[in-house]
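Taken together, the values in this text are just the output of simple stated rules run on the coordinates, not laboratory data. Quantities reported herein were computed from a predicted structural model and do not represent experimental measurements. Note that each Cβ is placed from the backbone with ideal geometry, even for glycine, and that neighbours are counted across all protein chains shown.
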């Protein structure tokens with residue numbers, strides 16, 4: 001069998017027409033969905049980029065691998081094994097396929113951008129599509145496609161291969177979208193949220209990437225900022241529906257750009273006469289907030305806009321009755337790799353957290369997971385629990401952000417750093433039900449606490465028996481604060497320079513006083 005995993009950075013499913021969006025942002029992806037199965041409740045176990053792709057490649061939660069954020073202790077992967085001996089029960093997924101005789105390759109700059117060499121090392125062929133390096137390097141989808149086509153020219157007709165292709169264009173700054181902009185905008189109206197009432201409610205929030213201040217302090221007024229966003233500018237503040245639509249338009253046009261590259265990639269399979277013999281998977285490492293909780297065009301919070309991702313699988317063995325099927329049961333994104341084990345007919349390692357969803361591809365008899373627990377580790381630290389249409393969010397550290405509906409009251413359980421949302425009736429999460437729905441909140445709190453207890457791995461306990469600060473890397477990282485991209489002192493100084501309200505300055509200072517042991521300079 002052959003499998004092509006198309007991994008689109010920052011892609012949220014509800015901006016795809018096959019998931020019900022009003023615009024035709026991705027006609028190629030829609031055709032793939034019509035041929036295969038679409039999963040409506042697929043969530044990344046750990047977000048954003050580095051934790052998510054580490055989870056995909058290890059099929060294990062970040063609490064076990066140690067990779068829960070983008071820097072410091074939470075950046076480094078705890079490779080299971082000693083010396084030259086790998087732990088076969090917990091091999092990285094792509095390594096596992098290679099050991100089983102399946103050619104593995106990745107076309108991506110991700111490993112270099114995030115110093116995630118454990119990811120690139122898991123592939124037989126790890127190809128960086130351009131010579132650009134570092135966080136600010138932005139490779140274009142055209143370069144990614146050309147690298148993938150070059151690899152396929154040599155391997156397309158081989159019997160067994162797995163190719164991972166990573167597009168970054170949907171992540172801001174939305175470069176190269178001009179030729180797609182008008183067509184997308186004319187195909188339908190943009191997302192209706194946020195409306196003007198929501199935008200008005202978000203004024204006075206603290207933190208960057210929000211309605212009240214979009215640039216990070218180091219970006220504000222900098223020449224590099226204007227250059228980076230020269231093609232599709234980002235407003236300094238989102239004050240009107242027009243500002244919000246401008247951001248949404250750029251995001252949607254970027255999706256259309258990537259969709260065009262996917263079309264070119266599939267043409268290569270057709271030219272090699274293997275299109276119908278190849279499994280095609282569309283997914284993402286994380287999504288992007290577009291107004292939810294007051295955040296715009298970034299992945300700063302443990303909530304569905306960031307943690308829910310597309311999962312579309314079209315595979316050679318599909319039957320007519322499963323073409324275009326939709327699955328509502330919960331799955332983790334890394335469950336894909338366990339599923340591919342079954343499709344490739346290779347043994348599933350016992351040390352993975354991933355569970356196959358193969359039966360959902362072949363019939364309606366699929367139970368899925370009852371509950372998902374998903375961690376998040378940039379701008380804020382926290383975890384979300386998803387169950388029965390509810391989202392319970394516990395923040396370990398709110399960063400420099402104040403959110404609509406977040407109480408942050410030391411008299412409340414967990415200091416008030418909790419939110420509870422009824423996603424069925426309030427999909428944009430404007431109403432925090434944490435006190436109103438106390439029984440649901442108590443149930444989901446217990447779900448999280450039980451999950452934490454069961455997922456602190458025994459091998460970690462054996463390796464660090466004297467670790468007095470606990471064994472949850474995400475909680476330990478809270479002592480440093482989630483300040484990789486924003487220094488609180490810089491933000492406070494910028495607020496003074498901009499003559500922002502005393503309430504905003506006091507709110508940031510109060511956040512820092514609540515976490516007195518933070519040292520974001522480490």
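Once the C-beta distance of residue 186 and residue 438 is scaled by a Förster radius of 35 Å, the resulting FRET efficiency is 0.15 to the nearest 0.05. With the contact rule set at Cα under 8 Å and sequence spacing of 6 or more, what percent relative contact order holds for the chain? The normalised contact order for the chain reaches 22 percent.
To the nearest Å, what is the center-to-center distance of segment 1-52 and segment 323-353, using C-alpha atoms only? Distance between centres, Cα-based: 15 Å. Values of log10 I(q)/I(0) for segment 201-270 across q = 0.14, 0.24 Å⁻¹ run -0.57, -1.07, by the Debye formula with one identical scatterer at each alpha carbon and no solvent. Relative to one another, the C-alpha centroids of segment 89-106 and segment 233-294 are positioned 28 Å apart. With the alpha-carbon atoms of segment 97-193 aligned to their principal axes, the span from lowest to highest coordinate is 48, 31, 26 Å, starting with the largest. In the chain, the DSSP beta bridges split such that about 55 percent are antiparallel, to the nearest 5. Annotation: for a label point projected 7 angstrom from Cα along Cα→Cβ of residue 178, residues of segment 244-276 with backbone N closer than 20 Å are 246-261. Put the Cα centre of segment 354-376 next to the Cα centre of segment 496-515 and the gap is 43 Å. Spherically averaged projected area of the convex hull of Cα atoms, segment 21-73: 5.3 nm². Here is the tail figure for segment 273-335: Cα pairs spaced more than 18 Å apart come to 51 percent of all pairs. Rg and Dmax of the chain, both derived from C-alpha coordinates alone, stand at 22.1, 66 Å.
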